[in-house]
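For reference, the structure discussed in these notes is given below.
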Amino acid sequence: MAVPKKRTTKSKRDKRRLHIFLKKPVLARCPKCGKLLLPHTLCSYCGYYKGREIVNILGKMTKKERKKREKEMKEKDKETQKKKPLDWKQLSKR
């Protein structure tokens, strides 16, 4: 069995382990509800993927939870509809 001749220094050990660390996951926003989720995955909050409803999330909830979720989704839709397109005067200012 091999035995090291000299002790490995802390700096040498740390340089070797430099690339071993946890990375933050890359998150994307759901286009329907705006929640953060991993890319190319189904949104567990609203049940949509690529603009299509895949899973009916509201069907599995109780009546109270369903009303709350529907209210939140309507508010989110109103926020996205409130954004008016810029006219030519506002565009020229930018």
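The values are calculated or read from the model by the stated rules, or taken from the named source; none is laboratory data. If you're wondering where the values come from, they're calculated on a predicted model, not measured in any experiment. Here the Cβ positions follow ideal geometry from the backbone for every residue, glycine too, while neighbour counts run over all protein chains shown.
Numbers at a glance
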read-out	value
Qualifying residue in segment 78-93 (condition: basic (Lys, Arg) and surrounded by 10 or more Cβ atoms within 10 Å (Cβ to Cβ))	no
Counted residues, segment 9-31 - those being part of a loop (DSSP other than H, G, I, E, B) and either touching a residue at least 40 places away in the same chain (Cβ under 8 Å) or exposed (fewer than 10 other Cβ atoms within 10 Å of the Cβ) (or both)	11
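Yes or no, residue by residue, for (1) over 12 Å from the mean Cα position of the chain (by Cα); (2) at pLDDT 85 or above:
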| residue | (1), (2) |
| --- | --- |
| LEU22 | yes, yes |
| HIS40 | no, yes |
| CYS46 | yes, no |
| ILE54 | yes, yes |
| MET61 | yes, no |
| LYS68 | yes, yes |
| LYS78 | yes, no |
| PRO85 | yes, no |
| LEU91 | yes, no |
